[in-house]
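The structure under discussion appears below in the form of structure tokens.
What follows is calculated from the coordinates using simple rules that are stated; it is not laboratory data. A quick note: this is a predicted structure, and the numbers were derived from the prediction, not measured.
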Amino acid sequence: MKVSISLFILLLCNAYCNAQKTDVVTLKDGSIFKGIISEYVPDGKLIMVLSDGRSKELNSSDVQSLDDGSSKVFVSKEKGFYHGSTITFLLGNGAYQNDVNFQYNMVNGYKWNNFYVGLGTGIETTRQQLLTPFYGDLMYQFSKGKTSPFVSIQVGRTVNFAHEETVQNYYADNFKSGNMAGLSFGIKNSFNSNLALIVSAGYRYYDLEGDYDNQWWNGQEWLTYPVETNTYLHRFNLKLGLLFN
């Protein structure tokens, strides 16, 4: 008998707690609605029964966040243009094996579901030379939650606009341009549907073309002829940036 009464009280408390559960919808204009969400379609509509019994239909694109009464649910933007800015530290295979260089990149593109496709550029220092990369960037995030792991791939070219036409030192790098490719894994943490913090680590490969003027004495005069070079760099990178949807 006591067990039955205890079970009844437990079920009653559970029913009461569920009855008290209230969904809270916050719109981008600051409006707040409380009730029970009956239907939600990302990039579609949201229907909820308000606390006073009325039914309210909202556009999902106007929703800033959802709160189910126990934890806040982030509403991820399904599609649209985005901009990403990152600061990167490149390690290894520089002027010295333990060289650390700085890089700034920005990517503009379009998001569709969990895919981000964009074009990027920026500035970076490699072996005391300032390079400008131009590349395609593909990123895939594994979930639509507030915090999601992601993987990104970059492929393109990098150019040295300050390339010197005449360098006579064999040991001095004089890069012109070259191919580059990268692979990164990271975490995307969203503050809201329009702004997220991204942190990643990855690998960057370079095939840089360069040249220098070689001189030699033929017994009568100094002769100069150009020498083409290829430099292959393998670098580890750490990125920190912001993603604007």
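How big is the shadow of the Cα convex hull of region 79-244, averaged over all directions, in nm²?
Reported value for the Cα convex hull: 9.7 nm².
Residue-wise, which Karplus ³J(HN,Hα) couplings in Hz belong to region 123-132, taking 6.51 cos²θ - 1.76 cosθ + 1.60, θ = phi - 60°, and x for glycine or proline?
9, 8, 10, 9, 6, 6, 10, 8, 10, 10
Which entries of Lys45/Lys146; Lys56/Lys144; Lys28/Lys56; Lys79/Lys239; Lys56/Lys111; Lys34/Lys111 have Cα-Cα distances beyond 27 Å here?
Those over the limit are Lys56/Lys111; Lys34/Lys111.
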